[in-house]
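Bear in mind these aren't lab numbers, they're just calculated from the coordinates by the rules spelled out. Computed from a predicted model, the values in this text were never measured in an experiment. Methodologically, a virtual Cβ is constructed for each residue, glycine included, from the backbone with ideal geometry; neighbour enumeration extends over all protein chains shown.
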Amino acid sequence: MSRVSQIIETMPPSGIRRFFDIVSTMDGVLSLGIGEPDFVTPERIRNACVSSLAQGQTMYTSNHGLLELRQVISGHISKVHGVEYNPEKEILITVGVSEALDITLRAILNPGDEVIVFEPSYVSYKPCVVMAGGVAVAVEARSADGFRVTADIIEHAVTEKTKAILLCYPNNPTGMSLSAEELERIAALAVKHDLIIISDEIYEKLTYDMSHLSIASLPGMKERVITLNGFSKAYAMTGWRLGYIAGPVDILNAAVKIHQYVALCAPIMSQTAAIEALKNEGPEVEEMVSEYNRRRHLIHRGLNEIGLEVPMPDGAFYIFPSIKRTGLTSEEFAERLLFEEKVAVVPGTAFGACGEGYVRCSYSISYERIEEALARIEKFVRSRE
Ligand SMILES: Cc1ncc(COP(=O)(O)O)c(C=O)c1O
């Protein structure tokens, strides 16, 4: 008999990791596969951490996180989204959105409860639902709808066992966001069926031609929305492992119970840095966003000119072109492109079965390297015509 839990044994490994194990053995690869900013954390944020260390701040914090950090987060949400969260009871500091997602699901799910997850989506959603004892019900954000999930599609998947809808916008891997009208329809659906909404808004600040609307800010939604957010992407702080949950007290209390046993608290140095990030907001985030935006236009134009059709993404730093004209599967495309032209992209199937026929390209590498990658992709595609 296996010594490993059946749940874990039957869980497929992440499609991204498997692929990047190959990439890591090769030289000279241009990687459009990376899911993190290519910028270093802004200096003033790094300095805040250094000075907190110099002052000997090396202890545990409260399980909830430093009160000052919760206060600045609460102030930030109030200013940007007009939603008021009590920093003492309705905000919990976590080890990245990763932990926030895990403990939120464990806080709300009973065995067999269903969570509606749309695909293509971030690789952790389904496994985290399963590890929390739930059932992940995948619905497709269709390419015909510009990869935007609709309330109609979600409603078809609602059953008596549905407990929550898991949203992510702007989305990883498609970069697509949701319009105010669609969010209103999804909110109405949640009310009609008495569902919780878990909203992963980690790419909130990386939104280009539209403004980001937090679903918790819609009338009557604060009590049924759990917002997950963090510092990894907007502030280029992936290695700091810092995120937060903003949500209703009963669910927050349940999440804190799990958090106190499994994580205790997020690292104090990262919390101190995050206070600086939000409290003394400088031009850095805007500068990074404007550089991503420049690259977004370049890669969108380049891929379409090559014939790999793709709509303009709304946010994040991903684009999800169709590779169907090459006649290759997503895996074949990614592997051959890697071996023949040394460009790494992620097969669309890593984000759900409906990602077949697509690949994820990340534009979190320099403008010049994207130009070079596009030239190599063009050579690869032309060689198959
Ligand atoms: C949609 C989404 N949510 C959550 C995460 C994880 O974020 P964190 O670094 O805060 O754990 C990622 C990372 O790629 C992501 O793309």
Unsatisfied cross-links (Cα-Cα over 29 Å) in the set 163/279; 79/126; 126/192: 163/279; 79/126
Spin-label zone in the range 138-179 - amide nitrogen under 15 Å from a point set 7 Å from the Cα of residue 217 along the C-beta vector: 169-170, 178-179
Relative contact order (percent, whole number), the chain, Cα cutoff 8 Å, 6+ residue spacing: 24
Anisotropy class of the range 1-143 from Cα gyration tensor, a/c 1.5 cut: oblate
Extreme residue, positive dipole direction of the chain, given options 97, 82, 304 (C-beta unit charges): 97
Length added when fully stretched, residue 27-residue 375, from 0.36 nm per residue minus Cα-Cα: 123.4 nm
In sequence order, calculated HN-Hα J values of the range 353-361 (Karplus, 6.51, -1.76, 1.60; Hz; x Gly/Pro): 4, 6, x, 4, x, 9, 9, 9, 10
Mean-position separation - Cα centroids, the range 214-277 and the range 106-123, in angstrom: 18
Value of D in µm² per second that Stokes-Einstein yields for the range 222-267, Kirkwood Rh from Cα pairs, at 4 °C (1.567 mPa s): 110
Value at 222 nm in deg cm²/dmol, rounded to 500, when DSSP H runs of n ≥ 4 in the chain each add -39,500 (n - 2.57): -12500 deg cm²/dmol
Those lysines that a straight Cα-Cα span of less than 17 Å connects to residue 233, excepting residues fewer than 8 apart in one chain: 205
Antiparallel %, DSSP beta bridges [both residues in the chain], to 5: 40
Size of electric dipole in the range 43-279: Cβ of Lys, Arg +1 and of Asp, Glu -1, about Cα centre, debye, nearest 20: 620
Alpha-carbon radius of gyration plus Dmax, which is the widest Cα pair, for the chain in Å: 20.7, 63
